[in-house]
Structure formats: structure tokens, C-alpha cells
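Here the structure is laid out as C-alpha cells; the discussion comes afterwards.
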Amino acid sequence: MVTGAASGIGAALVAELASRGMAVVVADIDEAGAQRVAEELRSHGARAIGVGVDVSDPESVAALAVASYAEFGSVELLCNNAGVLLFGAVADSSIGDWRWLSSVNVEGTLNCLHAFLPAMRRASGWRHVMNTSSAHAFLPDTSHTALYSATKHAILGLSFGLRAELTPDGIGVTTLCPGQVATRILDSQRSRPEVFGQHAAEPFGTGVIPLAIEPDEVARAAVDGIARQDELVFALPDFGLDQFRSQVEQMGQMADDALAVHAARLPQGEESAGSVN
Ligand SMILES: NC(=O)c1ccc[n+]([C@@H]2O[C@H](COP(=O)([O-])OP(=O)(O)OC[C@H]3O[C@@H](n4cnc5c(N)ncnc54)[C@H](O)[C@@H]3O)[C@@H](O)[C@H]2O)c1
């Protein structure tokens with residue numbers, strides 16, 4: 001079951017999974033798009049259904065779980081992939097911007113976990129959860145994407161904790177962190193409900209991210225990582241790899257520097273390896 005599967009990375013994920021023999025639930029707030037993707041997969045011999053869902057709505061997600069189990073009887077792989085992006089400085093953002101981003105990116109993931117995990121935990125055999133975060137969860141400078149990055153940091157924290165919690169049940173958890181991918185993510189506000197207020201300005205237009213990798217490349221990396229039970233999967237454009245690596249190192253350096261300052265504050269002999277909160 002893949003959310004956000006009418007477009008971009010989600011659509012590529014269901015195609016990749018179907019090509020490897022899985023039956024797929026194509027779930028998206030764009031119900032017509034989800035039906036189109038499912039129809040296309042069926043025309044190539046796959047087992048697929050399209051389902052309309054708003055992941056931010058627990059009742060809608062509960063109905064998705066009912067439809068998934070009614071059609072296929074079990075769910076082995078839950079891909080919490082639906083997500084939206086908004087650019088803008090924190091000070092210029094509205095609380096509605098934040099609520100929309102977090103209701104889809106964070107609460108959407110939680111709603112799906114709550115709806116699908118009970119039955120997945122009762123089942124046996126191979127089972128796995130994949131949550132789509134972002135390379136943004138590893139960037140030290142997230143200016144103009146701070147709200148989005150905050151939601152993707154949340155997914156990283158949620159996924160790491162979830163992996164530890166689900167290990168005793170034999171359920172694997174993978175966090176997918178794509179970089180720039182050629183999808184419709186810049187036009188995320190096409191599905192923004194009115195209740196979250198006016199659409200924010202889009203400083204980079206609503207086209208496709210330039211100099212980006214293709215969604216099917218991300219999907220292949222993701223499914224290979226799931227098969228290996230990887231904790232973390234990066235899918236990034238080659239040209240940005242060195243810059244990304246140095247940004248990740250900056251994050252490590254920041255922590256090292258802060259730990260050195262912390263250690264210098266402690267009275268001699270008190271530096272111990274206790275629990276850190
Ligand atoms: N494209 C990138 O460069 C990039 C980079 C890092 C992470 N990501 C993440 O990848 C995931 C997929 O995004 P994408 O790039 O394929 O974008 P996309 O816009 O092409 O696809 C996102 C899909 O999510 C659906 N969606 C939006 N709100 C929803 C809701 N409330 N309920 C159900 N479905 C909803 C949209 O209708 C759309 O089909 C997102 O979580 C995004 O944050 C994308």
C-alpha cells in the first residue's frame with residue numbers, strides 16, 4: 001500500500017513493486033489520478049486498485065485500510081509516502097501553512113501507522129514499513145524550507161523509533177531520503193484544502209524541479225533498500241553528492257563542537273556516558 005501514489009515517487013514505487021510481483025494499493029487524495037495509475041498497472045497484468053484517501057483524516061485512512069484488506073486480505077508493505085512542500089521564510093509563513101504541511105507529512109504518516117499496524121503486527125511472515133523523509137532532514141541550512149524540513153526531521157525521528165519498536169514483531173522499517181526528484185512536488189498546493197487558509201506564494205514556480213533524478217530511479221533504490229532491510233536509503237542526483245556529503249559532515253561537526261563546549265563546562269572528572277535527553 002503506497003500513499004501519494006498518483007504522482008511522482010509514489011507512482012514510481014507502485015510500478016516498481018508491481019514489476020516485482022506485488023499486488024498494490026494506489027492511494028492518493030487525487031482519486032482520479034490513483035484510479036488512472038492502477039488502471040495502467042492492471043493493463044500490464046498487475047493486481048492493483050486505486051483508492052482516494054486524505055492521509056490527514058483518520059477516518060479516510062481507516063476506510064483505506066478496510067478497502068486494502070477487503071481486496072487483498074493482507075498488507076505486507078506500508079509505504080507512507082504522501083507529502084507536500086512549501087517554500088517560505090518562517091516569519092512569513094502562516095500557522096495554516098504549518099498545519100497543512102504537518103497534517104499531511106507527519107500526521108498523515110501517523111494516521112496510516114495507526115490504521116495498518118495493528119493487523120500487520122498480528123500477521124506473520126515478511127512485513128515492512130517505509131516512510132518517505134527527505135535529504136532535507138540532513139541539511140544544516142534549511143532556510144526557506146524550515147517548515148518542510150521540520151516535518152521531514154519528524155519522520156526521521158519517528159522512523160528510527162518505530163524501527164526499534166517493531167523489531168520484536170519482525171517488521172522492518174526503512175526511511176527513504178530522496179534529494180531533488182523530477183515530480184510535481186513544487187505544485188503541492190494543488191491539493192491544499194481551503195481550511196488551511198490562502199495558498200502561499202510559490203517563489204520557484206509550480207513546474208518540475210530542475211537538475212533532478214527521475215522518480216523511477218528513486219523507486220528502484222527504495223525497493224532495493226527495503227529488500228535489504230536497510231534503515232536509511234538515500235536517492236540523490238550524482239552532481240550534488242559531494243555537496244550533500246559535506247553538509248552531512250557539517251551536521252556532525254556541529255554536534256562535535258557542541259559536545260566539546262559541553263564537556264568544557266563540566267567540572268573535571270564529571271564527563272560520563274549517562275543517558276542524554
Ligand atoms: N521531489 C523531490 O525532490 C522530493 C525530495 C525529497 C522528498 N520528497 C518526498 O517524496 C514524497 C512524494 O513526493 P513527490 O516528489 O512524488 O511529489 P508529488 O507532488 O509528485 O506527489 C505527491 C503525491 O501526494 C499526494 N497527496 C498530497 N496530499 C495528500 C493527502 N492529504 N492525502 C493523500 N495524498 C496526498 C498528491 O496528490 C501527490 O499525488 C513526499 O513525501 C515528498 O516530501 C520529494
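The values are calculated or read from the model by the stated rules, or taken from the named source; none is laboratory data. This structure is a prediction, so every number in the text was calculated from the model and none was measured. Neighbour counts run over all protein chains shown; Cβ positions are idealised from the backbone, glycine included. Side chains are part of the model used for accessible areas, which takes the heavy atoms of the whole protein and leaves out ligands, DNA and RNA. Shrake-Rupley method; radii C 1.70, N 1.55, O 1.52, S 1.80 Å.
Annotation: Thr183 fulfils all but one of (1) near the ligand (Cβ under 8 Å from one of its atoms); (2) open to solvent by 70 Å² or more (accessible area, probe 1.4 Å); (3) assigned to a loop (DSSP other than H, G, I, E, B); the unmet one is (2). For Ser74, the conditions (1) assigned to a helix (DSSP H, G or I); (2) under 21 Å from Ala23 (Cβ atoms) are fulfilled apart from (1).
Yes/no matrix, rows are residues, columns are (1) at pLDDT below 95; (2) near the ligand (Cβ under 10 Å from one of its atoms); (3) in contact with a Gly (Cβ under 6 Å, 6 or more places away or on another chain); (4) polar (S, T, N, Q):
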{"residue": "Ala38", "(1), (2), (3), (4)": "no, no, yes, no"}
{"residue": "Ala67", "(1), (2), (3), (4)": "no, no, no, no"}
{"residue": "Phe72", "(1), (2), (3), (4)": "no, no, no, no"}
{"residue": "Cys112", "(1), (2), (3), (4)": "no, yes, no, no"}
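Residues that are buried (at least 17 other Cβ atoms within 10 Å of the Cβ) and part of a helix (DSSP H, G or I) within the range 99-109 comprise Trp100, Leu101, Ser102, Ser103, Val104, Asn105, Glu107, Gly108, Thr109, listed in sequence order. Taking the criterion of being assigned to a helix (DSSP H, G or I), farther than 28 Å from Leu86 by Cβ, open to solvent by less than 80 Å² (accessible area, probe 1.4 Å) and modelled with pLDDT of 90 or more, would at least one residue in the range 263-275 satisfy it? Yes, the conditions are met somewhere in the range 263-275. Scanning the range 85-99 for residues that are under 15 Å from Leu186 (Cα atoms) and not charged (D, E, K, R) yields Leu85, Leu86, Phe87, Gly88.
Check the range 123-141 and report whether any residue there is open to solvent by 30 Å² or more (accessible area, probe 1.4 Å), touching a Lys or Arg at 6+ places or on another chain (Cβ under 8 Å) and either among the hydroxyl-bearing types (Ser, Thr, Tyr) or in a helix (DSSP H, G or I) (or both). Yes, the conditions are met somewhere in the range 123-141.
For the range 9-27, filtered to residues that are open to solvent by 20 Å² or more (accessible area, probe 1.4 Å) and within 11 Å of the ligand (Cβ to nearest atom), the residue that is farthest from Trp100 (Cα to Cα) is Ala11. With respect to Ala32, determine if the residue is within 13 Å of the ligand (Cβ to nearest atom), over 16 Å from Met1 (Cβ atoms) and open to solvent by 20 Å² or more (accessible area, probe 1.4 Å). Criteria met by Ala32. Evaluation of Val173 against the conditions (1) among the hydrophobic types (A, V, I, L, M, F, W, C); (2) open to solvent by less than 20 Å² (accessible area, probe 1.4 Å); (3) under 20 Å from Thr145 (Cβ atoms) shows that the sole unmet condition is (3).
If I filter the range 142-161 down to residues being assigned to a helix (DSSP H, G or I) and more than 16 Å from the ligand (Cβ to nearest atom), which single residue comes out as least open to solvent (accessible area, probe 1.4 Å)? Selected residue: Gly161. When the range 52-66 is filtered for residues that are outside any loop (DSSP other than H, G, I, E, B) and either small (Gly, Ala, Ser) or open to solvent by less than 20 Å² (accessible area, probe 1.4 Å) (or both), the ones remaining, listed by number, are Gly52, Ser60, Val61, Ala62, Ala63, Leu64, Ala65.
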